[in-house]
Amino acid sequence: MSGDAGRPGAGGPEIESPETAVPEAAKPATPETEGLEIRGLEVRYGPVRALRGVDLTVPRGAVAAVLGANGAGKTTLLRAVSGTLRFHRGAITAGTITFGGARVDGAPAAEVVRRGVVQVPEGRRVFARMTVAENLRAGALAVPGRRAAAARERVLELFPVLAERAHQRAGLLSGGEQQMLAIGRALMAGPSLLLLDEPTLGLAPMMAARIADTVRRINAQGTSVLLVEQNAAMALALAERAYVLEVGELALSGPAAELAASDEVRRRYLGVGAPDTDRPVGTGLEERAERTRPARWTA
Ligand SMILES: Nc1ncnc2c1ncn2[C@@H]1O[C@H](COP(=O)(O)OP(=O)(O)OP(=O)(O)O)[C@@H](O)[C@H]1O
Ligand SMILES: [Mg+2]
């Protein structure tokens, strides 16, 4: 697959291509570059290459979104950052990941958490047989008592329902409540960067909107967010920057507002343009099936 095949041509939207970006090494360290910096990332699962040449930045305090169809490599990207690839027989085979100015690629998952990066896995995995309170405690195992208490207070303020259900088994919560618990558990570690993998998938529009609002609040409290979403409308509304992955490569990147305005993104990811799809976007699930068809990005 050619590296250029997936990028917009001259007639496409004016979106920064990875090649034209100023090399990060040439820039002085600023709060911008103290965030998450991914350069030239390649990931393989054995013989299968899942990501190639991915460059991505989440400035400190920002929300960045990653869009893409099923199998594009979104989850793989988050696993590479959180150091959990090895649990899936995957490995970083090229490129670098730095956070807060220090390399984290190759660091064990627990070390990445200590550095302040915490992932909420896809499929809102909670410990179903444990209570809500026990799930939250599990998220703070490596956190000193006083900080854990403060984190718990913050989580219960964000999600009052988790206080009401503290002694209920997590498996009995609704899908939306389980997603809140999964996010709450991640927040217990006091992350400075939260990695969210499709937090609204399968949720009713109202619950998805609540989760979106929560992401906004978490970010307003100072936590950066790298958000993987199939709900492109929601993700582009939340994020400052957005990236589109296609079959393991970056097809587009740029300010979220620019991507949201581009015809290709509107047509392919926001379902706008065709007479029967020009409607308010709901959960994004209705576009999902359509986007699973293999297709190249052409301007
Ligand atoms: N543990 C694994 N072993 C082998 N291949 C894998 C593994 N996990 C993912 N892959 C492959 O890597 C590619 C990217 O998968 P990934 O799960 O990152 O995609 P995704 O964008 O998160 O998709 P989805 O929207 O369905 O969650 C796919 O081709 C997938 O089959
Ligand atoms: Mg995924």
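Observations
- Contact map, segment 236-260: first residue within 15 Å of ALA69 (Cβ to Cβ), second residue among the basic types (Lys, Arg), Cβ cut-off under 7 Å, separation 6 or more or different chains; pairs are LEU245/LYS74; GLY248/ARG49; GLY248/ARG52; GLU249/ARG52; ALA251/ARG7.
- Criterion: crowded, with 16+ Cβ neighbours inside 10 Å and modelled with pLDDT of 95 or more - qualifying residue of VAL48, VAL54: VAL54
- The residue pairs whose first member lies in segment 86-97 and is farther than 20 Å from GLU37 by Cα and at pLDDT below 95, whose second member is β-branched (Val, Ile, Thr) and within 13 Å of ligand 1 (Cβ to nearest atom), and whose beta carbons are closer than 8 Å, counting only pairs six or more residues apart or on different chains, do not exist in this structure.
- Residue within segment 113-122 that is among the charged types (D, E, K, R), modelled with pLDDT under 95 and closer than 26 Å to GLY46 by Cα present: yes
- Residue in segment 6-28 that is at pLDDT 50 or above and within 27 Å of PRO191 (Cβ to Cβ) present: yes
- Candidate set: segment 123-139, residues that are among the charged types (D, E, K, R) and in a helix (DSSP H, G or I); chosen: the one surrounded by the most Cβ atoms within 10 Å (Cβ to Cβ): ARG137
- Residues satisfying the stated conditions in segment 216-234, i.e. within 16 Å of ligand 2 (Cβ to nearest atom) and at pLDDT 95 or above: LEU226, LEU227, VAL228
The values are calculated or read from the model by the stated rules, or taken from the named source; none is laboratory data. All values derive from a computational prediction rather than experimental measurement. Please note: Cβ atoms are built from the backbone with ideal geometry, for glycine as well, and neighbour counts cover all protein chains shown.
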